[in-house]
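A.B. asks: One structure is given below, represented as structure tokens, and several questions about it will come after.
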Amino acid sequence: MPAPRLSVYACAALLAASIAYGLLRMPLQVHDALDEIMAAQRSPGVWASFTSTLGETAYVRPLRIAETKILFDVSGGHYFAAYKTFHIVLLVAAFALFLGELSVQTWTDAAAALFALTVFTGLHTFLGFVREAFPVNHFLQVAVLVLIAVRLTRARPRAAVGVTANLVFVAACLTLESGILVWVAAVASRLAGRRGISDRGLVVMTALLAVYGVVRFVWLAPNVEAMANASGYFFERLDAPQIQERFGSGLSRFTVYNVLASIATVLFSEPRGGVFVFARAWSMGDIPPRMWINVAASTLTTLLMLGAFLRSRDRQPLVFLAVLLASAVASFAYAKDEIMSVAGVFYAISAYWAVRILIMRPLRAPAAVALAVVLVAAGAGWSIRAIGVNHVLRAQAFAVHNDWAVVPEAMERRGTWPADASTRSLVVGLRDESLARPIVNPWFVPRWADRVFEGDYY
Amino acid sequence: MIGQSGGSERTRPTLLIACAVPALVAVAISAFTVLSTAVGVLPSFWRGGPLTLSEAAALRDQGEVVRLIASGADPNAMHPLRPGVLAASSLTPLEAAVGARRAEMVELLMLHGAKVDEAGWRRLHCFALGTGAADVVAMLDRYRQANATSSCEGISPPF
């Protein structure tokens, strides 16, 4: 392996290890995870788990539920270890596949790749990969599957590649709705000149997409229509009934807003979850440094991409643009940063492409100095944002730790406290294990950290 | 895969440095975290400190409150507070929760063994009124003793 590539891989390993450590410091979460774990315990088998929710909800995520069951069964009672190990495996796979897209050969490539690494981990959509797990993080899993598909588009064309790509597509679609991004990325890669997946393979994938569309929008149509989520709208956050009251159902200026807001959040780190938090903070007369850092780093990087795009006839950014657009359209019902997490990965890949092109151009001294200043400013911002992932994980660990404190009382109030003794014993065991984990109280965290690093905006 | 051809010869070192150095700072901090863990030292991001039960109650650390009580800490005893938590050197957990205006913490403590007699309830109630936290006052009202009066005459707050 050439020294530049080896150096970048070593740096990525350190970043990934640091984040993995944060994951291990965070207890298994209560919300959106405990019910899943209890269901896994009650389920008689993996197939029963796989089929348990089909047709009953608006979501088609049977693979995630089956995985939760498999991990539960193989854990031997060490649930924390099993679910966290799986999360970390996915995280490492995401890092490895991301680096695989960069093809680092020279020190110029290595410099651009280091910049892209901090974009990858620093962009707020990355937090969707690590802040939560349900107990399997389906956003991260879909990102890994999309990256595998893109990797396959660069393989030598043969039948096995097409079959594998279609299996990846099916797995992604059965994990999360965003799984259709595998098809988007595969088709965009073909348009960008990558022919690893054959025409036949793409036709089969398109047919599978049609089947998925029928299942999702015909068979599950009543459930899909009933979907409702809170979302941002300019400076405010609206809950589902408010959205219904103000905009009705179906296509409206709210759905158009969601699509545009979702594109903007990847390119400019604004708005967040549909809320223009920077402008809102401005109007209140106090913009924390983290907002300046987020917006400046993203805007400068997007401008660098635009500059490279205007100077290059390369079709590489096509995959990013396709994934960005598709993810944004998928966000029509509500703006949620996590939905844009795959687009965030490809934004970082495009950042590599753009920076590499720009620093390789022959430039006069003033232009080179100007570019260096922009790179340092953007790079510093991304670096702070990447380090801030640890801060977010620490804050999340505290929040999750507190959630466990009110179990079982909160479950009794909601009427979800299980009737059977074995499930009760499972919950109590999980609670005791989670509470025993040492957590950092925010009181020990310097005040400036909350203003500099990422936080909860709502 | 992006970037198949080399270009080091044509790239100005200044640009390489501008591109890589900020990222290397993040990598160095990550390396410090990993190395600290490897040698058994808590990484700086994860360094906190032990809390007393009253400190945990004041600092909305519900998880730590439950853990400490389960470990044998007395929810009705006075516990020391380090400077900067509240303007007192020691308080009971309930006093700390009221002083920090944490209604949910009052409820949690009551669920986990904290007790108030008539005089104690009156003292806490007056303290809560003094802080102006209506939700804490309302929470305390749920635990009001049948014969307790709400007069604050002669009652002085803990701080």
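A.B. asks: I'm checking my understanding of the structure. Among residues of the range A:371-416 that are within 30 Å of A:M38 (Cα to Cα), small (G, A, S) and in a helix (DSSP H, G or I), which one is nearest to the other protein chains (Cβ to nearest Cβ)?
C.D. replies: Going through the qualifying residues, I end up with A:A405.
A.B. asks: Also, quick follow-up: Assuming A:R451 fulfils every condition listed in (1) buried (at least 19 other Cβ atoms within 10 Å of the Cβ); (2) in a helix (DSSP H, G or I); (3) out of contact with any Gly (no Cβ under 7 Å at 6 or more places or on another chain) apart from one, which condition is it?
C.D. replies: A:R451 satisfies all of (1) buried (at least 19 other Cβ atoms within 10 Å of the Cβ); (2) in a helix (DSSP H, G or I); (3) out of contact with any Gly (no Cβ under 7 Å at 6 or more places or on another chain) except (1).
A.B. asks: So how many residues does the range A:324-335 have that are surrounded by fewer than 23 Cβ atoms within 10 Å (Cβ to Cβ), under 22 Å from A:V277 (Cβ atoms) and modelled with pLDDT of 95 or more?
C.D. replies: Residues that pass the stated criteria total 1.
A.B. asks: Next question, about the same structure. Of the residues B:G84, B:G132, B:G120, only one is within 14 Å of chain A (Cβ to nearest Cβ) and out of contact with any Asp or Glu (no Cβ under 9 Å at 6 or more places or on another chain); which?
C.D. replies: B:G84
A.B. asks: Return a yes/no flag: does the range A:313-323 have any residue that is more than 20 Å from the chain's Cα centre (by Cα), at pLDDT below 95 and more than 9 Å from every other protein chain (Cβ to nearest Cβ).
C.D. replies: yes
A.B. asks: If you don't mind, another one. Please enumerate the residues belonging to the range A:421-456 that are of a type outside the set (S, T, N, Q), out of contact with any helix residue (DSSP H, G or I) (no Cβ under 8 Å at 6 or more places or on another chain) and over 24 Å from A:G22 (Cβ atoms).
C.D. replies: Residues satisfying the conditions are A:A421, A:R424, A:V428.
A.B. asks: While we're looking at this one, here's another question. Out of (1) more than 19 Å from the chain's Cα centre (by Cα); (2) over 30 Å from A:R190 (Cβ atoms), the odd one out for A:G274 is which?
C.D. replies: With (1) more than 19 Å from the chain's Cα centre (by Cα); (2) over 30 Å from A:R190 (Cβ atoms) applied to A:G274, the lone miss is (1).
A.B. asks: Follow-up question, since we're still on this one. Take the residues in the range A:8-59 that are of a type in the set (D, E) and part of a loop (DSSP other than H, G, I, E, B), then tell me which one is surrounded by the fewest Cβ atoms within 10 Å (Cβ to Cβ).
C.D. replies: Within the range A:8-59, the subset of a type in the set (D, E) is A:32, A:35-36, A:56.
From the residues that got through so far, the ones that are part of a loop (DSSP other than H, G, I, E, B) too are A:32, A:56.
Values: A:D32: 11, A:E56: 9.
Among those residues, the one meeting the criterion is A:E56.
A.B. asks: Please go through (1) over 14 Å from the mean Cα position of the chain (by Cα); (2) more than 14 Å from chain B (Cβ to nearest Cβ) for A:L140 and return the number of the only condition it doesn't satisfy.
C.D. replies: Exception for A:L140: condition (1).
A.B. asks: Which numbered condition trips up A:I65, out of (1) within 14 Å of chain B (Cβ to nearest Cβ); (2) touching a residue at least 24 places away in the same chain (Cβ under 8 Å)?
C.D. replies: (1)
A.B. asks: Still on this model: For the range B:115-132, how many residues are surrounded by 14 or more Cβ atoms within 10 Å (Cβ to Cβ) and farther than 17 Å from B:T92 by Cβ? Don't jump to the end; show me each part of the working.
C.D. replies: Within the range B:115-132, the subset surrounded by 14 or more Cβ atoms within 10 Å (Cβ to Cβ) is B:116, B:120-131.
If we keep only those that are farther than 17 Å from B:T92 by Cβ too, we end up with B:129.
Of the residues in the range B:115-132, 1 are surrounded by 14 or more Cβ atoms within 10 Å (Cβ to Cβ) and farther than 17 Å from B:T92 by Cβ.
A.B. asks: Is there any pair linking a residue in the range A:75-102 that is away from every other protein chain (no Cβ under 14 Å) and under 23 Å from A:L117 (Cβ atoms) to one that is polar (S, T, N, Q) and surrounded by 20 or more Cβ atoms within 10 Å (Cβ to Cβ), with Cβ under 6 Å and at least six apart or on different chains, and which?
C.D. replies: From the range A:75-102, the pairs are A:H87/A:N137; A:L90/A:Q141.
A.B. asks: On the given criteria, is B:H112 crowded, with 21+ Cβ neighbours inside 10 Å and either at pLDDT 95 or above or within 14 Å of chain A (Cβ to nearest Cβ) (or both)?
C.D. replies: Here the answer is no, as B:H112 does not meet what is asked.
A.B. asks: For the range A:324-354, what are the residues that are hydroxyl-bearing (S, T, Y) and either over 13 Å from the mean Cα position of the chain (by Cα) or within 14 Å of chain B (Cβ to nearest Cβ) (or both)? If you could, list the steps in order and put the result at the bottom.
C.D. replies: Applying the first criterion (hydroxyl-bearing (S, T, Y)) to the range A:324-354 yields A:327, A:331, A:334, A:341, A:347, A:350, A:352.
Residues satisfying the conditions are A:S331, A:Y334, A:Y347, A:S350, A:Y352.
A.B. asks: Still on this structure: Kindly provide the set of residues from the range A:60-109 that are over 26 Å from A:A16 (Cα atoms), assigned to a loop (DSSP other than H, G, I, E, B) and modelled with pLDDT of 95 or more, ordered by number.
C.D. replies: A:G76, A:G77
The values are calculated or read from the model by the stated rules, or taken from the named source; none is laboratory data. Please read all numbers here as calculations on a predicted model, not as lab measurements. Positions of Cβ are generated from backbone atoms using ideal geometry, with glycine treated the same way; all protein chains shown enter the neighbour counts.
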